[in-house]
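Engineer: Sharing a structure with you now.
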Amino acid sequence: MTGMHGFALRLPVICAPMFRLSGPEMVMAACKAGIGGAFPCTNARTLDELDQWMASITDTLSPVDGPWIANLITHSTHARLADELRLVAQYKPPIVITALGSPKPVMETVKSYGGLVFADVVNMRLAKKAADAEVDGMACISAGAGGHTGNLSPFAFISAVREIFKGVIVVGGGIADGAGVAGAVAAGADCVYMGTRFIATEESRADPRYKSMVIDAQTDDLVVSSAITGTPASWLKASTEEAGLSDEDLAGTVPRDYSSGDVKKWRDIWAAGQGVGQTSEIESVAKVVDGLHREYLSALARLGALSFK
Ligand SMILES: Cc1cc2nc3c(=O)[nH]c(=O)nc-3n(C[C@H](O)[C@H](O)[C@H](O)COP(=O)(O)O)c2cc1C
């Protein structure tokens, strides 16, 4: 199947970048399974490590695999951006997805080698800015997403973005099975951005207790709070309880200082989205993609068999 700007994909899905959890193992497994594989460059602690990750990804993948994707923080406070961009220019990820800032700082570098720039957006204000910056695609983060989340319905968001933008629409937020992928495509998206479904995979770097918590959790077992990072994000309630955070702690909008002390955000407070109930065991990324593919085909068959006057 060819989709999303001509990439050979088995399924229109990107294994979304996840802080601390996505490393080269997950990216390569996703691409080998025929979907896109993304990682945040900040997951590599040093630039040398990032260099090694990019070298092993480019050595391992071939043109028949899905595209690998570097996720870059473009906020002005991110001191490493220029160095990360130097490595991007060297290793040429087919797609770069920007987060927490304007896509503008990466445009020239990525376009110069023929790569695509997608911007991560959570509302129409950011989507309009990204369209003005002439990005090739947008990752539209909708309600239900794990980690930093949006609050728009994916259906409303896709339609509104399609009105102003001709490029690739990737949509994320609570989509964790193949039926959801088919639904997103039917609604006008080109591809799905899926994070939570990959937390409890063999290739994920999540703590084993985090993976178990994801397996045990259902859709209701989440709390959206701005008090951890300063931005609304979706967390596993069991992890906020284990960390000793009260409802009052979670109700605020000003982040507490989690940089020191026993409890560290992301390390001890664990993010997940509304698709969390779809995970019942730890599997390889390849097996998860096999399952998604089966579900996707049966959803397409169900849609194809429907007939109305
Ligand atoms: C544990 C976790 C960590 C995440 N870390 C990042 C990150 O570092 N950068 C980023 O752009 N998005 C991050 N996200 C968001 C995902 O890239 C993606 O938008 C989201 O997972 C999609 O929704 P879903 O989790 O419902 O599939 C994270 C999500 C999760 C669950």
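The values are calculated or read from the model by the stated rules, or taken from the named source; none is laboratory data. Here the structure is a predicted model, which is why all the values come from computation and not from measurement. When we count neighbours, we look across all protein chains shown, and the Cβ atoms used for this are built from the backbone with ideal geometry, even at glycine. To get the accessible areas, we keep the full protein, side chains included, count just its heavy atoms, and leave off ligands, DNA and RNA. Shrake-Rupley method; radii C 1.70, N 1.55, O 1.52, S 1.80 Å.
Engineer: Given the condition at pLDDT 95 or above, under 26 Å from Val121 (Cα atoms) and crowded, with 21+ Cβ neighbours inside 10 Å, answer yes or no: does some residue in the range 237-253 qualify?
Structural biologist: Within the range 237-253, none of the residues are at pLDDT 95 or above, under 26 Å from Val121 (Cα atoms) and crowded, with 21+ Cβ neighbours inside 10 Å.
Engineer: Find the residue count for the range 104-143, including only residues that are open to solvent by 10 Å² or more (accessible area, probe 1.4 Å) and either under 18 Å from Thr196 (Cβ atoms) or among the acidic types (Asp, Glu) (or both).
Structural biologist: Of the residues in that region, 8 qualify.
Engineer: In the range 144-182, which residues are within 22 Å of Ser234 (Cα to Cα), open to solvent by 20 Å² or more (accessible area, probe 1.4 Å) and more than 9 Å from the ligand (Cβ to nearest atom)?
Structural biologist: Matches in the range 144-182: Asn151, Leu152, Ser153, Pro154, Phe155, Ala156, Asp177, Gly180.
Engineer: Same structure again: Among the residues that make up the range 7-14, is at least one of them open to solvent by 10 Å² or more (accessible area, probe 1.4 Å) and at pLDDT below 95?
Structural biologist: The answer is yes, given that some residue of the range 7-14 is open to solvent by 10 Å² or more (accessible area, probe 1.4 Å) and at pLDDT below 95.
Engineer: Can you find, within the range 40-60, the residue that is least open to solvent (accessible area, probe 1.4 Å) among those that are farther than 24 Å from Ala119 by Cβ and in contact (Cβ under 8 Å) with a residue 12 or more places away in the chain?
Structural biologist: It comes out as Ala55.
Engineer: Just for the range 185-203: of the residues that are away from the ligand (no atom under 11 Å from the Cβ) and either modelled with pLDDT under 95 or farther than 18 Å from Asp290 by Cβ (or both), which one is most open to solvent (accessible area, probe 1.4 Å)?
Structural biologist: Per the stated criteria, the residue is Ala186.
Engineer: Given the residues Pro93, Pro67, which is the only one that is open to solvent by less than 30 Å² (accessible area, probe 1.4 Å), modelled with pLDDT of 95 or more and within 15 Å of the ligand (Cβ to nearest atom)?
Structural biologist: On inspection, the qualifying residue turns out to be Pro93.
Engineer: Hey, among Glu163, Glu202, which residue is over 20 Å from Ala38 (Cβ atoms) and charged (D, E, K, R)?
Structural biologist: Glu163
Engineer: Sticking with this structure for a sec: When both residues are 6+ apart or on different chains and their Cβ atoms are under 8 Å apart, which pairs have a first residue that lies in the range 216-239 and is aromatic (Phe, Trp, Tyr), and a second that is in a loop (DSSP other than H, G, I, E, B) and open to solvent by less than 30 Å² (accessible area, probe 1.4 Å)?
Structural biologist: As it stands, the answer is Trp235/Ile228; Trp235/Trp270; Trp235/Ala272, since those pairs meet every condition given.
Engineer: Here's a follow-up. Starting from residues that are assigned to a loop (DSSP other than H, G, I, E, B) and polar (S, T, N, Q), keep the ones in the range 228-244 and report whichever is nearest to Leu21 (Cα to Cα).
Structural biologist: Thr229
Engineer: Looking only at the range 254-281, which residues are at pLDDT 80 or above and away from the ligand (no atom under 15 Å from the Cβ)?
Structural biologist: Ser280, Glu281
Engineer: Also: Somewhere in the range 70-82, is a residue away from the ligand (no atom under 16 Å from the Cβ) and crowded, with 20+ Cβ neighbours inside 10 Å?
Structural biologist: The answer is no; no qualifying residue exists.
Engineer: Report, by residue number, each residue of the range 5-30 that is more than 16 Å from the ligand (Cβ to nearest atom) and not charged (D, E, K, R).
Structural biologist: His5, Gly6, Phe7, Ala8, Leu9, Met28, Ala29
Engineer: Just checking, how many residues over the range 268-295 are farther than 16 Å from Phe198 by Cβ and open to solvent by less than 40 Å² (accessible area, probe 1.4 Å)?
Structural biologist: Result for the range 268-295: 1.
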